[in-house]
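Each remark here refers to the structure printed beneath this line.
The values are calculated or read from the model by the stated rules, or taken from the named source; none is laboratory data. Owing to the predicted nature of the structure, the values given are computational and were not obtained by experimental measurement. All Cβ positions, even for glycine, are placed from backbone atoms using ideal geometry, and neighbour counts span all protein chains on display. Ligands, DNA and RNA are stripped out before the accessible areas are found, and what is left, the full protein with its side chains, is counted by its heavy atoms. Shrake-Rupley method; radii C 1.70, N 1.55, O 1.52, S 1.80 Å.
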Amino acid sequence: MSVNKPLLGWVFLGWLFAAGSLSSPAFADEATIEAAFIFNIIKYTNWPETSLLSDHHLLLCYVGADSPLGDAIDELHGKRINTFIIDVRKTTRLSNLGACHVAILGKDVEFDAFRKAQSPFALTVGEGVNFVNQGGGVGLYRLDDRIRFDVNLDSTKAKGLKISANLLRLARNVQGNQ
Amino acid sequence: MINHPVMNWYRNSRIGKKLLFINAVTMSTAGLLLILLIGIILTFTERYKMLDQVRVQAMMNAEGLGATLVFNDPLAANEQLATLKNLPYISKADLYNAEGKPFARYKRNDLTAVALPNSIPDVNNHIPELVDYGWLSLRYQRIVKARGQDVGFLYMEAGLELLYRQMLYFMGLAIVAILLATSVSLVLLNRLQNSITSPLLGLTGLMGDISKGNDYTRRFKLDTHDEIGELATGFNKMLQQIEKRDEALDMELQERKQSEVRLDRLAHYDTVTQLPNRYFFGRRLAAETTEYRVYGHEFGLLFIDLDNFKIINDTLGHHVGDELLRQISGRFKSIVRSGDTVARLGGDEFGVILANLAHPADAALVAAKVIEKFAIPLQLEGHEIVVGASIGISLFPQDADNTDELMKNADAAMYHAKNKGKNNYQFFSEALRGLAHHRMVIESQLRRGLQASELFLHYQPQFDMASRRILGVEALLRWQHKELGRINPGEFIPVAEESGLIVPIGEWVFRTACEQSKAWHDAGLILTMAVNLSGRQFREENFVERFKLILNETGANPNWMELELTESSLMDSSENTLTKLNALTSLGLKLSIDDFGTGYSSMSYLKRFPISKLKIDRSFVTNINSDSEDQAIAKAIIALGTSMEMRIIAEGIETEEQLSKLLESGCHQGQGYLISPAIAPDEVVSICVKYNVQKITA
């Protein structure tokens, strides 16, 4: 099985880039790319020991109404990442976010309310340039036909999250002290 | 031998230059080899180091690049690759995604960089790293991972050109340094090696000087104790040896020269008179003939024989004879000119070369002067002695065309002078040439005639003048030549005397006379047999023994044999003469003196020698009736002989008047034509019968 592991990864990446390269000009695929970004960001992020579950599940929560992103995230469910197995949960109610490792905010959800509801260790991911300015962890947005992201280190540090420097280097803006 | 210009230069160079050359070559070779080795080692280690650096860079960048790949951020990837520009050796870095498509690129923007072939990495080979270790470049490829997942490849190239260039630069610097170091050390070496080369140069210089100047007293001063010191010491020792040998050789050469001078003197000069000898004289003659051929200078030759020198030498002793010769030499020297040559040719013979003779009369003048000077008596140990000289003169080229002939002619002329009564000079003439030739013929014929029994004896009776009875005979030699007929004894006996033939002939005469005497005795004819004895014979060492032998062999009675000697032969070496005469008389032989009164007679010898008979010379007999002086001499001889109890015989009696005068004077025996000439043996018998010889019957 260990032989097949990288092969699976390659296949996935193949899909990822094939989609990225083919779909970058098309809006329809933007959500897919964003989902891939989220998947990769998770890779470069370390959660505090206390937050980790014994069954190695990583809870990936989406809050909001149905959206392309929400659909795209479904695809991540059950994927292995590092030592984790992604467990995608969708909800419209902020109260359900208590144990989430990653909290993805749909466009329809008020950030302030979302901030209050989130778990003490959740990496918050939202769309738009202002998401990070409002206190979000990672904000994805579109620039020059490419998906970009900013990171708010103050926010992630406050949650005890460690973001890889390699990720930070690829961020368009990093707020807070590194 | 290699004939390369460099090798030729090397062979002809001085040691100093050779040492410098050797050092320069070895030092620079060693330096260059060292540099090369260091360069190669450095290049290898640097390549490994470079590969390590490339690997480290790849590893360091891989994680970040992995992120760029997963976030599809080629700009960031390019930016990250661009940071490689701080590492100048990395010429190229390409990032490929998992599908093998180029994602980001870095290429060193270096105009001088060598364009490397565009290499396409092996994307399908999923090994973690791949190293291509090339000569021009190092290629490295590794998988890029993002959080443990393979997301692409990083391909890097490091150009080695820069490394090589650095190495070259380094080596260039090192070579310059080596050359600098070599030249500095060569300067030092040049100074230091003077301690080796300068003594060597000094040695070779000294050797050159010595071989030019041959001065072996020189030495090389050097107080080092290395091999050169030993060489110098050896050289000095060798010089010492050479010097010693040189000195020894010089001494030997000097001695040899001195002895050569002595030998030359001996070879060319007579020890008694210090005059040139016959050998030197011959060379002078040859030189004069050459001078004649070149300059036309004629010259004359005087051949001088001292008269009666032998008598003086024998009677007064050799030292007186030598002194006489020396004084005579002085006289010769005072007469001739400085350019003339006087030489002693042997015994009592002298030769004079009259160089550059203007006229033959001049030679006569010199000869006359010699005779004139010789008339002055010489004082020798209290004796006053007069020596005559017989001189023969021959002229060149008038008389001869070579030196041998010239000498022979002068000799012939000298004999002619002697025959003319001594103490005069004679020129050589064509007549003498004939005479000389005649003598030569006679000598050779006489030699042959003796072998061919052409000689025979005739006997002239000796008789008692009162009774006319035959008492004995004198044996006289005759020669009947097979072609020339009878030859006069006066003609061939002098030749026999001169040539020495008289010795064998004399013996033959004695033997024949003995045989005849014996035959007559056996036949009852008792006669005394007188035989003439030549002075030459008398001087022969073993002559007495020879005669004794002949007497024994023939069986003749010595008491009836008589030897007639001349006065001059008796003058020779008195003691020896006496011994010989006594030996002869002890054999029983009788001795008589022939031609008495004509020679230089010292009356004393008559007393000392065992002479039993005197023979008055015919010259006194011939004119005994007309010349009162001759008559007086004859009478004196007769009185002398009678008083000394010797018998007296007169020879050459031809008339009755002479016979009666001699009888009247007291001489009782005679010999001459009046009674009989010399006759053959059988005639003797008949004449004895005629004159009533007393016959003794056995």
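Summary table below
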read-out: Whole-percent pair-distance distribution, where bins are 5 Å wide, for the alpha carbons of segment A:5-175; value: 2, 9, 19, 23, 23, 16, 7, 2, 0
read-out: Spin-label pair B:TYR691/B:TYR10, simplified geometry with 7 Å Cα→Cβ offset, distance in nm; value: 12.1 nm
read-out: Exercise: per-residue mean of other protein chain Cβ atoms within 10 Å, B:54-67; value: 2
read-out: Sparse-neighbour loop sites [trypsin sites (Lys or Arg not before Pro); segment B:219-268; at most 11 other C-beta within 10 Å; DSSP]; value: B:LYS221
read-out: Estimated vicinal HN-Hα couplings, Hz - segment B:269-278 in sequence order (Karplus 6.51, -1.76, 1.60; Gly, Pro = x); value: 10, 7, 6, 6, 9, 6, 7, x, 9, 4
read-out: Sparse-neighbour loop sites [chymotrypsin sites (Phe, Trp or Tyr not before Pro); segment B:561-651; at most 13 other C-beta within 10 Å; DSSP]; value: B:TYR600
read-out: Apportionment of accessible area to carbon and sulfur, chain B, percent (1.4 Å); value: 57 percent
read-out: Per residue accessible area of segment A:5-175, 1.4 Å probe, in Å²; value: 46 Å²
read-out: B:LEU450/B:ALA368 FRET efficiency (R0 56 Å; Cβ-Cβ; nearest 0.05); value: 0.85
read-out: Label-point separation in nm, B:LEU253 to B:LYS17, each point 7 Å along Cα→Cβ; value: 3.8 nm
read-out: For segment A:5-175: relative contact order, % (alpha-carbon pairs under 8 angstrom, 6 or more apart); value: 19 percent
read-out: Share of alpha-carbon pairs per 5 Å distance bin for segment B:137-181, given as whole %; value: 6, 17, 13, 11, 10, 9, 8, 8, 7, 5, 4, 2
read-out: 1.4 Å probe, heavy atoms, protein only - residues of segment B:127-174 losing at least 10 Å² accessible area vs chain alone; value: B:ALA146, B:ARG147, B:GLN149, B:ASP150, B:VAL151
read-out: Cross-link partners of B:LYS107 among lysines (Cα-Cα below 29 Å; sequence separation of 8 or more within a chain); value: B:LYS49, B:LYS85, B:LYS92, B:LYS145
read-out: Distance (nanometres) between label positions extended 7 Å along Cα→Cβ at A:ASP66 and B:THR204; value: 11.6 nm
read-out: Furthest towards positive pole of dipole, B:ALA58, B:PHE280, B:SER626, structure part chain B, Cβ charges; value: B:ALA58
read-out: Extension gain from B:GLU384 to B:THR290, taking 0.36 nm per residue of separation minus the Cα-Cα distance; value: 29.5 nm
read-out: Percent of beta bridges antiparallel (DSSP, the protein assembly as shown, rounded to nearest 5); value: 65 percent
read-out: Shielded by partner chains, segment B:75-100 residues - at least 30 Å² of accessible area, 1.4 Å probe, vs chain alone; value: B:ALA98, B:GLU99
read-out: Dipole-positive endmost among A:LEU161, A:GLY135, A:ILE147 within segment A:5-175 (Cβ charges, Cα centre); value: A:LEU161
read-out: Cα centre as origin, Lys/Arg/Asp/Glu Cβ charges: segment A:5-175 dipole, Debye; value: 540 debye
read-out: Probe 1.4 Å, accessible area per residue of chain B, Å²; value: 52 Å²
read-out: Other-chain or far-sequence residues with amide H under 5 Å of B:MET529's (modelled H); value: B:VAL473, B:MET561, B:GLU562
read-out: Protein heavy-atom accessible area occluded, B/A pair - total, 1.4 Å probe, Å²; value: 2000 Å²
read-out: Total formal charge among the other residues, if their Cβ is under 11 angstrom from that of B:ALA530, Lys/Arg +1 and Asp/Glu -1; value: -2
read-out: Loop trypsin sites (Lys or Arg not before Pro), segment B:428-519 (other Cβ atoms within 10 Å of the site Cβ: 11 or fewer; DSSP); value: B:LYS482
read-out: Burial of 30 Å² or greater, segment A:144-171 residues [accessible area, probe 1.4 Å, versus chain by itself]; value: A:ARG146, A:ARG148, A:ASN166, A:ARG169, A:LEU170
read-out: Residue-averaged 222 nm ellipticity for chain B, from DSSP H runs of 4+ at -39500 (n - 2.57), nearest 500; value: -18500 deg cm²/dmol
read-out: Value of Rg to Rh for the protein assembly as shown (Rh from inverse mean 1/r over Cα pairs, i.e. Kirkwood); value: 1.82
read-out: Accessible area of segment A:5-175 belonging to carbon and sulfur atoms, whole % at 1.4 Å probe; value: 53 percent
read-out: Dipole axis of the protein assembly as shown (+1 Lys, Arg; -1 Asp, Glu on Cβ), positive-most option in A:VAL174, A:CYS100, B:PRO610; value: A:CYS100
read-out: Cβ charges +1 (Lys, Arg) and -1 (Asp, Glu), total dipole of chain B, debye; value: 3260 debye
read-out: Efficiency of FRET from Cβ geometry, B:GLU260 and B:LEU316, R₀ 30 Å, rounded to 0.05; value: 0.25
read-out: Antiparallel DSSP beta bridges within chain B, as percent of all bridges there, nearest 5; value: 70 percent
read-out: Filter on B:LYS373/B:LYS607; A:LYS43/A:LYS90; B:LYS518/B:LYS690 - keep pairs with C-alpha separation over 26 Å; value: B:LYS373/B:LYS607
read-out: Student exercise, the protein assembly as shown dipole from Lys, Arg, Asp, Glu Cβ charges, in Debye to nearest 20; value: 4420 debye
